[in-house]
Amino acid sequence: MGLSDRFTLPQWIRTLLKPYFAVTSWLHYRLPKGLYVRALLIIVIPFLILQSVLAFVFMERHYDLVTRRLSEAVVRQIAAVVDMTETYNHDDNYATLKQISAGALGLSVTVLPKEPLPPPKSKPLFDLVDRYMTREIAARIGKPFWIDTVGASKYVEIRIQLEDKTLRIIARRSQTYASNSHIFIVWMVATSLVLIIIAVLFLRNQIRPIEQLADAAEEFGKGRQVSNFRPHGAREVRRAALAFVDMRRRIERHVDQRTTMLAGVSHDLRTILTRFRLELALLPQSPEADALRKDVDEMNRMLEDYLSFSKGYGDEPPAPVDISLMLEDLEVEAEVVGADVASSFDGDPLVIVKGRAFRRCLLNVISNAARYGKTLRIKGNRTPDWLIITVDDDGPGIPREERENVFRPFHRLDTARNQDSGGSGLGLAIARDIVRSHGGEIFLRQSPLGGLRVRIRIPI
């Protein structure tokens, strides 16, 4: 539920917040759904943003300041060379000037005859060396000059036009800008990677108990045994795991108590029914005795159905079952009652289920379809996540408003079903109980054949 759903906002505020809702909706569908990835993003993204801002601010100021200082120092050296050229006589063909410039200043100086300066080259937009040296030469020397800082050369060439000569000065590019700034980036990236790796390892250890708890809950919801699960991890995760273990024990204890109680009830009622049969066997044949025998048989059948529904096959361990063979066996049983049956299965037929319970579920569904329809189509399909069984018939179907009621125990649709057709009204209730014990669900829909479609979906 979003902000707009929890509060009643004026229309103009909703209009202003529309971009916000659009962005949050886009992020909701684009961001990963896993807890581990989300937690990792919560740690890594702010860390990277902080590092990027710090790197930009530091590098921008550091590189700019150091480059400006170095460029000013080189220009002062060039100014000194210009002053020496104009002030002193150089009878030795400027050998002394070149020696001093190369040895003390690190500059290569060449005195050329006066000639026009080369045309200016295009200036790089973000070249700080060109910007600062051009500004400093114009301010300190104040003479016509030409500078070349463009290209991948390791040198910078400056030509300064004097009254009767032209000075050509070549300096190393490393003298004019901060050439070791990348070391800061290297250290920052290296330490960031180390910290992120440590955070990933620690975060993985914190997320693993939550994943194991989710896997254990999912296995238990599918009716499978949860083995080798023990609470560990952070305090809150341990509390959730202990609560799950206690809940599982209470459910298993409740199922055991119910099974024990029903076994006792079954024994007592069957004892009474056995006495009824013995007493009926001693009675002479009569319409009243025959009616009473039918009532006893009906009571015995209802008792068996009720016990099956109450037990739910909870003690049966899950095991790999060939669903394709199971559908073929059920197809034969449906053909015995005279129905036109066809079955098919797509995908790997080996699925881990409670074999007897799942067969009872499909038998109830297919028996109902064969009892009220003449044509049955059974289709199985296995996807990477689900086992789907669909049963279609051409019978009278079930009204939409009654499709949920038919799952209630002992509920009968007298208007659509024949009361004398047999059954206790527990078939679909038992089927849903078995399907839900596997963590799945059963749906009733309109069939393309005109009758009822039963769709069973179980996670695998």
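The values are calculated or read from the model by the stated rules, or taken from the named source; none is laboratory data. It should be emphasised that the depicted structure is a prediction, and the values quoted were computed from it without experimental measurement. All Cβ positions, even for glycine, are placed from backbone atoms using ideal geometry, and neighbour counts span all protein chains on display. The accessibility values were calculated without ligands, DNA or RNA, using every heavy atom of the protein model including side chains. Shrake-Rupley method; radii C 1.70, N 1.55, O 1.52, S 1.80 Å.
Worth pointing out:
- Residue list for segment 335-356, filter: in contact with a helix residue (DSSP H, G or I) (Cβ under 6 Å, 6 or more places away or on another chain) and touching a residue at least 60 places away in the same chain (Cβ under 8 Å): 351
- Which numbered condition residue 74 fails, given (1) aliphatic (A, V, I, L, M); (2) surrounded by 12 or more Cβ atoms within 10 Å (Cβ to Cβ); (3) free of Cβ contacts under 8 Å to residues at least 60 places away in the same chain: (3)
- Pairs with Cβ under 8 Å, 6+ apart, first in segment 137-149 and open to solvent by less than 20 Å² (accessible area, probe 1.4 Å), second aromatic (Phe, Trp, Tyr) and modelled with pLDDT of 85 or more: 137/145
- Of everything in segment 186-205 that is open to solvent by 60 Å² or more (accessible area, probe 1.4 Å) and touching a residue at least 40 places away in the same chain (Cβ under 8 Å), the residue that is farthest from residue 352 (Cα to Cα) is 195.
- Reported count of residues in segment 8-30, each being touching a helix residue (DSSP H, G or I) at 6+ places or on another chain (Cβ under 7 Å) and either open to solvent by 60 Å² or more (accessible area, probe 1.4 Å) or at pLDDT 80 or above (or both), is 1.
- Of all residues in segment 367-385 being in contact with a strand residue (DSSP E or B) (Cβ under 9 Å, 6 or more places away or on another chain), under 25 Å from residue 347 (Cα atoms) and of a type outside the set (S, T, N, Q), the one that is surrounded by the most Cβ atoms within 10 Å (Cβ to Cβ): 369
- Members of segment 318-339 that are open to solvent by 80 Å² or more (accessible area, probe 1.4 Å) and either small (Gly, Ala, Ser) or outside any helix (DSSP H, G or I) (or both): 320, 337
- Some residue of segment 119-132 being open to solvent by 60 Å² or more (accessible area, probe 1.4 Å), among the small types (Gly, Ala, Ser), over 13 Å from residue 167 (Cβ atoms) and outside any helix (DSSP H, G or I): yes
- Restricting 458, 442, 388 to those that are under 23 Å from residue 224 (Cα atoms), open to solvent by 10 Å² or more (accessible area, probe 1.4 Å), at pLDDT 85 or above and aliphatic (A, V, I, L, M) reduces the list to 388.
- Of all the numbered requirements in (1) within 24 Å of residue 162 (Cα to Cα); (2) open to solvent by 40 Å² or more (accessible area, probe 1.4 Å), residue 46 misses one, and that requirement is (1).
- Of the strands (runs of 3 or more DSSP E) entirely within segment 349-412, those holding at least 2 residues that are over 38 Å from the mean Cα position of the chain (by Cα) occupy 375-382.
- Across segment 217-267, the number of residues qualifying as acidic (Asp, Glu) and either part of a loop (DSSP other than H, G, I, E, B) or surrounded by 14 or more Cβ atoms within 10 Å (Cβ to Cβ) (or both) comes to 1.
- Helices (runs of 4 or more DSSP H) fully within segment 1-108 counting 1 or more residues that are touching a Phe, Trp or Tyr at 6+ places or on another chain (Cβ under 6 Å): 35-87
- Matching residues in segment 311-332 - criterion: being modelled with pLDDT under 85 and closer than 20 Å to residue 368 by Cβ: 312, 313
- Screening 101, 71 for residues that are in contact with a strand residue (DSSP E or B) (Cβ under 9 Å, 6 or more places away or on another chain), among the hydroxyl-bearing types (Ser, Thr, Tyr) and modelled with pLDDT of 80 or more leaves exactly one candidate, 101.
- Those residues of segment 221-240 which are among the hydrophobic types (A, V, I, L, M, F, W, C) and within 19 Å of residue 203 (Cβ to Cβ), in sequence order: 234, 237, 240
- Residue 116 being outside any helix (DSSP H, G or I), modelled with pLDDT under 80, open to solvent by 80 Å² or more (accessible area, probe 1.4 Å) and more than 14 Å from residue 170 (Cα to Cα): no
- Evaluation of residue 68 against (1) in contact with a Leu (Cβ under 9 Å, 6 or more places away or on another chain); (2) surrounded by 15 or more Cβ atoms within 10 Å (Cβ to Cβ); (3) more than 22 Å from residue 174 (Cβ to Cβ) (one fails), failing number: (3)
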